[in-house]
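Encoded as structure tokens, the structure appears first; notes follow it.
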Amino acid sequence: MKKLQKKPRRTRKQEFVQTEKPEEKTEESAKPKRAPSKRPMWTGSISIGLINVPIKLYPMIYDRGVTFHFLHKIDNAPLRYEKVCTKDNKIVPWPEVVKGYEVSKNQYVIFGKEELDAAKPESDKRIRIDKFIDYFGMDPVYFYSSYALMPDKSNDAYGLLLEALEKMGKAGVGKITLRTKEYPALVHAYKGALVLTTMRYGYDVVDPSGFEELKELKTPEKNELEMAKKIITDLSGEFDISAYKDTYRTKVEELIKKKLKGETITVEKPPKEEVKGLMAALQETLKQLEKK
């Protein structure tokens, strides 16, 4: 089986505010940005009671990380993935592949394609809004992925919903079926458009307060806490996503250019950092901040 290759967000307070400040030209912004997809990946409507807003859904999130292919070291030929039986070590053709749910060690409940297809949620091409909530009060840990919603011959209804959500800082909560999976979803305003953000189910998110390690935490000393608060205050500021770069991708791109030129790559190991005690680390950090 061949391996499939998987082809900036403002702060919450800034999300509904349109600024006139000119965008600074950075190395990242100077690069050509990915053009919006011309073909929608889903069409349907937002349903609020008896109101329907026909929309088109477009992908909005892209991973621009570095992608590598697995090759045969001897001849650089691409490798392919195949289904191999663990019992007889033979390659299994697709017609002989079935899906099984493991109920105990090496014991499976077998399902046919028709049985699983019957259990899949049916998509009626609607995002049914159940209620409206304060968008700023939503816990972002449940956010999964975001999609741009565009009007589909529904300019009046689309514009009305967008304006109302922007003015009130609200988001509509409902469900959507994408491909074969049903997601809880938010419809909210973002940068002058309606955006759909799919969410994780509550039972998919672990409550971190249940970890045993937290029970071993000690109450910090008063002077340590004061120094920590001073460091946080000195380093406080506005969040700017453009200030963060994927340094790994940049370094790999530089290595690719050097290899294409036939240059020899020298790997240098970074020096080991000195391990300091908590108090010493706090004091040294404060000294460094005072010099800035």
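Below is a table of values for the structure above.
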quantity: Sequence-distant residues sharing a close amide H with L194 (under 5 Å, placed H); calculated: L149
quantity: Principal axis box of segment 122-184, alpha-carbon based, largest edge first, Å; calculated: 33, 33, 19
quantity: Violating pairs (Cα-Cα greater than 21 angstrom) within the set K83/K113; K230/K276; K251/K287; K125/K181; K131/K170; K73/K259; calculated: K251/K287
quantity: Between segment 126-180 and segment 50-74, the Cα center-to-center distance that results, in Å; calculated: 20
quantity: In Hz, Karplus ³J(HN,Hα) per residue of segment 252-262 (6.51, -1.76, 1.60; θ = phi - 60°; x = Gly, Pro); calculated: 5, 4, 5, 5, 4, 4, 5, 5, 5, 7, x
quantity: 3J(HN,Hα) from dihedral phi, segment 199-206, Karplus parametrisation 6.51/-1.76/1.60, rounded to Hz, x for glycine, proline; calculated: 10, 7, 6, x, 6, 8, 10, 7
quantity: For segment 121-229, convex hull volume per residue from C-alpha positions, Å³; calculated: 161
quantity: K56 long-range amide H proximity, modeled H, under 5 Å; calculated: M150, D152
quantity: ³J(HN,Hα), Karplus 6.51/-1.76/1.60, whole Hz, each residue of segment 93-108, x for Gly, Pro; calculated: x, 4, x, 9, 8, 10, 9, x, 9, 7, 9, 7, 4, 6, 10, 10
quantity: Peptide ranges 271-282, 49-60 listed from the most packed, as the mean C-beta count within 10 angstrom indicates; calculated: 49-60, 271-282
quantity: M138 long-range amide H proximity, modeled H, under 5 Å; calculated: none
quantity: Descending semi-axes in whole angstrom, ellipsoid equivalent of segment 195-292, from the Cα gyration tensor; calculated: 35, 27, 18
quantity: Rg/Rh for segment 39-92, where both radii come from Cα atoms and Rh is the Kirkwood radius; calculated: 1.34
quantity: Quarter of Cα convex hull surface for segment 163-227, i.e. mean projection, nm²; calculated: 8.9
quantity: Per principal axis, descending, Cα span of the chain in whole Å; calculated: 66, 61, 52
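Only the coordinates and a few stated rules stand behind these numbers; no lab work does. Not measured: the values here are computed from a predicted model. When we count neighbours, we look across all protein chains shown, and the Cβ atoms used for this are built from the backbone with ideal geometry, even at glycine.
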